[in-house]
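Sharing a structure here in structure tokens format.
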Ligand SMILES: [Ca+2]
Ligand SMILES: [Ca+2]
Ligand SMILES: [Ca+2]
């Protein structure tokens, strides 16, 4: 049913061997790459002597959120970071970690979107869904307008901008580069000149679940089908791999472009760089509501950015409203959404079913966009999101489902 994906470089020593096991193991990092943030006022002389000491060879990029430098070193990234952290001039230094898309494809088939409207068509439980049609009606979207929705930002593998169910939707578009390693280790600073073309399918699939055109006679319908999209490509290649530096800079880019809901179907290890980018997006300016995949390890693993307190962590359910076997369960899981055999848009045209907390996350981002269009603050949207649920599992918040599976009809009422 699922396509096993093999790691192809030393940077990807963790093989993605199972259905949806796609988060990075601790210590899985970009070779020879260190993110270092110096204390304010550190002189150029001190900086260059420290970097010489750790064998720095090149400045690869910068972290937009905090000005940290991304440097390439000759030897071990961890050893260089450890050495830098011993200097009073260094606020923090850490290896640049690997971030991964959290889904794998299976057969390309048309099917009903049970996640939006479950009639038992896949053999599941009727109404084990997010109440899409009921929610659209209650939100005044029952005439299926094509524009007017809240813009949603997506950090992923890019998008097929020309897809029949997505064309005209992409209004912000930038990409990091994959670099000399083929998939990671390139320039982590997104540039609009590079476009945001999808080289994987994952990003196009996520985009369709959030905002595919509704009532246009073709394909599927996104939860927030009248939303335009801000796209930042941080993940690359058939493995959907990127670095912490690239993901952090994409968050900052999208927040700066006014994407007030940002969807991240990806994850990896903990990182000070990622945390600071997340905090800045959540707290800064108008603020953005950040939504990310809980992870596909099927255990209690904390996956970042989801596990930061500033980010809504999304678990996956199936067509019986049961926790998906791959979905991580921990005390940080905040809400759940359908994530098993989700049909959505495919790069190059057509539609495909994927499974993963990656597929659950955009359902929640779509619900958040419908909430946020009414105005208010990200904190208010988050409170509404957490209460507009159908409680599953143990009563109240629990590690498998968080507060419960999101429900658009409940989200539609102020
Ligand atoms: Ca459609
Ligand atoms: Ca969280
Ligand atoms: Ca519960």
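Does residue 185 satisfy the criteria of being within 14 Å of ligand 1 (Cβ to nearest atom), in a loop (DSSP other than H, G, I, E, B) and in contact with a strand residue (DSSP E or B) (Cβ under 8 Å, 6 or more places away or on another chain)?
no
Residue 396: within 16 Å of ligand 1 (Cβ to nearest atom), assigned by TED's automatic domain parsing to the domain that holds residue 339 and at pLDDT 95 or above, yes or no?
no
Are there any helices (runs of 4 or more DSSP H) wholly within region 195-306 with 3 or more residues that are under 26 Å from residue 96 (Cβ atoms) and in contact with a helix residue (DSSP H, G or I) (Cβ under 6 Å, 6 or more places away or on another chain), and if so which?
244-256, 272-283
Residues that are touching a residue at least 12 places away in the same chain (Cβ under 8 Å), under 25 Å from residue 124 (Cα atoms) and away from ligand 1 (no atom under 16 Å from the Cβ): which strands (runs of 3 or more DSSP E) entirely in region 316-392 hold 1 or more of them?
The qualifying strands (runs of 3 or more DSSP E) are 333-338, 351-355.
Also, quick follow-up: Take residue 301 and tell me if it is in the same structural domain as residue 390 (by TED's automatic domain parsing) and either within 16 Å of ligand 3 (Cβ to nearest atom) or on the phi > 0 side of the Ramachandran plot (or both).
For residue 301, the condition - in the same structural domain as residue 390 (by TED's automatic domain parsing) and either within 16 Å of ligand 3 (Cβ to nearest atom) or on the phi > 0 side of the Ramachandran plot (or both) - is not met.
On to the next question. Taking the condition assigned to a helix (DSSP H, G or I) and either at pLDDT below 90 or surrounded by fewer than 15 Cβ atoms within 10 Å (Cβ to Cβ) (or both), does residue 49 pass?
Considered against the rule, which asks whether it is assigned to a helix (DSSP H, G or I) and either at pLDDT below 90 or surrounded by fewer than 15 Cβ atoms within 10 Å (Cβ to Cβ) (or both), residue 49 comes out as yes.
Here is a list: 233, 257. Which entry is assigned by TED's automatic domain parsing to the domain that holds residue 375, within 16 Å of residue 159 (Cα to Cα), away from ligand 1 (no atom under 16 Å from the Cβ) and modelled with pLDDT of 95 or more?
233
Kindly evaluate residue 318 against the criterion of being under 17 Å from residue 132 (Cβ atoms) and in the same structural domain as residue 259 (by TED's automatic domain parsing).
Yes: the conditions hold for residue 318.
Would you point out which residue out of 304, 401, 308, 354 is surrounded by 24 or more Cβ atoms within 10 Å (Cβ to Cβ) and within 14 Å of ligand 2 (Cβ to nearest atom)?
304
Go through region 393-414 and count every residue that is in a loop (DSSP other than H, G, I, E, B) and more than 15 Å from residue 329 (Cα to Cα).
Summing the residues that are in a loop (DSSP other than H, G, I, E, B) and more than 15 Å from residue 329 (Cα to Cα) in region 393-414 gives 4.
The values are calculated or read from the model by the stated rules, or taken from the named source; none is laboratory data. This one's a predicted model, so the numbers in the text were calculated from it and none came from an experiment. We place every Cβ from the backbone using ideal geometry, glycine too, and count neighbours over all the protein chains shown.
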